[in-house]
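Bear in mind these aren't lab numbers, they're just calculated from the coordinates by the rules spelled out. Quick caveat, the model's predicted, so the values are computed rather than measured. Here the Cβ is made from the backbone with ideal geometry for all residues, glycine too, and neighbour counts use every protein chain on show.
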Amino acid sequence: MNTSVIKERDTFVTAPFGERAHLPSGAALSDDVVRELCESLFSAFHRKDQRRRAEQYLRGLLTAQGRKSIRNIAAQVGGQAAEQSLHHFISSSTWDWRPMRRALAAHLERTAPPQALVVRSMDIPKAGEHSVGVDRLFAPQLGHMFRGQQAFGVWFASEEVSAPVNWRLLLPHQWTSDPARRDRAEVPEAAPAESAEECAVAVALDSAQYGGGPRRPVLLDLRRGNPQEAMGRLFAAGAPVLARVSASARVSVANRALPGYGAGPLPAQRIVEMVTGMRRPVRWLDTAGQWAGRTSLATAVPVSFPVRPGVRPRPMLLLGEWQDPARPPAQLWLTDMTHLPTAQLLRTTKLTRRVDQDFARIGAPAGLRDFVGRSFRGWHRHITLASAAHAAVALTAGDYPMDRAAGPASA
């Protein structure tokens with residue numbers, strides 16, 4: 001990370017689910033960081049007025065109090081006249097948000113290289129029916145249904161910083177099968193109906209080459225879907241995968257020397273509980289908790305998915321983590337990165353905590369949930385610029401001690 005832009009730490013407001021948070025007044029943002037972002041992200045605009053509107057919107061996201069609506073943003077940068085032009089820029093213009101996302105990823109690759117790509121769902125409660133994608137949906141962070149939109153973001157994540165670089169809005173069947181709804185929300189004909197799992201995999205595949213650096217592992221949550229099918233799509237694209245799975249996910253033990261070998265597909269929790277004697281303590285750095293050192297018990301078991309006769313199974317590891325040795329495993333993960341030691345795999349899973357913290361601390365206050373329009377294109381343009389606002393805060397106000405050790409303690 002470019003430590004020259006790091007300022008003293010700031011405190012950010014975390015809002016409960018469904019409530020609005022805002023960046024605190026007087027947050028010490030670095031104008032150098034914002035200016036560099038603007039130069040990197042908006043240079044693709046051929047017209048000067050578009051570059052000016054993009055910078056106005058970004059700076060408005062960083063300074064407006066409360067909900068980051070176009071009206072509140074415009075109040076920071078020019079009043080009623082600005083509101084009309086910014087509304088057109090976000091909702092009615094023709095510019096493509098995808099090059100800006102790739103530019104954001106490339107900028108982060110230079111300034112804060114990621115260790116992994118973390119796919120995270122974002123739930124956006126909505127009272128009305130007309131915002132694109134609104135439906136009764138399941139909120140995985142809360143474990144219950146809600147009414148609103150759901151999107152999946154891909155976050156560039158390291159121990160020091162995380163920021164979203166790409167997004168995909170979940171479109172339920174009710175939206176893609178209704179021509180009138182599609183027309184009103186300007187949903188492209190190519191946008192399909194998807195399950196949450198399909199949406200998460202699709203955005204991961206779309207983002208695999210973002211940033212231009214080496215391939216990083218993709219972390220995603222497949223506890224409610226079919227991990228074999230989802231991971232197979234990512235394997236086919238050459239993306240290393242670290243997927244959280246449910247206790248009931250079925251895989252086969254692949255090591256003759258271990259209990260369960262030859263028994264066929266077994267539940268993941270049963271497999272790791274048959275080898276509890278192999279658990280070892282792993283020290284990891286809790287970047288979401290004041291950089292405290294913590295210890296978990298972990299083990300990794302060679303496994304494979306069931307395949308047809310004559311098909312060679314793909315080698316994988318089933319990673320189990322225990323926070324209390326007397327209780328069931330706290331988390332279960334599957335990965336094809338069989339060359340990595342258990343301790344490194346476990347520490348990599350902790351990047352999801354970094355993303356969760358940064359979403360609550362920075363992303364939600366920066367407006368990731370706050371688009372109030374109804375159109376598909378407007379939503380994508382707003383969230384792209386809100387992702388840039390998140391990156392500006394994250395790059396300026398890193399909350400890690402500058403003199404800490406280079407890495408977490410060894411296992």
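For region 162-178, the residues whose amide N sits under 12 Å from a probe point set 7 Å from the Cα of residue 193 along the beta carbon direction are 171-178.
Site pair residue 93 and residue 52 shows an inter-label distance of 1.2 nm when each label is modelled 7 Å from Cα along Cα→Cβ.
Rounded to the nearest 5, what is the percent of antiparallel bridges among the DSSP beta bridges in the chain? Here the antiparallel bridges make up roughly 90 percent for the chain. Please report how far the C-alpha centroid of region 280-297 lies from that of region 190-267, rounded to the nearest whole angstrom. Cα centroid to Cα centroid, the span is 25 Å. Residue ranges 213-219, 368-374 sort as 368-374, 213-219 when ordered by packing (mean number of other C-beta atoms within 10 Å per residue, highest first).
At R0 = 41 Å, how high is the FRET efficiency between residue 323 and residue 43 if r is their beta carbon distance? Nearest 0.05 is fine. The computed FRET efficiency comes out at 0.30. Each stretch of four or more DSSP H residues adds -39500 (n - 2.57); spread over every residue of the chain, this sum gives -10000 deg cm²/dmol at 222 nm.
Packing here is the average count of other Cβ atoms within 10 Å per residue, and on that basis the peptides 341-354, 93-106, highest first, run 341-354, 93-106. The relative contact order of region 221-362, computed from alpha carbon pairs under 8 Å that lie at least 6 residues apart in sequence, is 22 percent. The gain in end-to-end length when the residue 261 to residue 235 segment is fully stretched comes to 7.0 nm, 0.36 nm per residue minus the alpha carbon separation.
Straightening the chain between residue 307 and residue 136 buys 58.0 nm, computed as 0.36 nm per residue apart minus the Cα-Cα spacing.
Compactness of the chain, taken as the C-alpha radius of gyration over 2.2 N^0.38 Å, stands at 1.02. Applying 1/(1 + (r/R0)^6) with R0 = 56 Å to the Cβ-Cβ distance of residue 291 and residue 147, what FRET efficiency is obtained, to the nearest 0.05? Result of the calculation: an efficiency of 0.90. Note on residue 274 and residue 65: the extension gain reaches 69.9 nm, defined as 0.36 nm multiplied by sequence separation minus the Cα-Cα distance.
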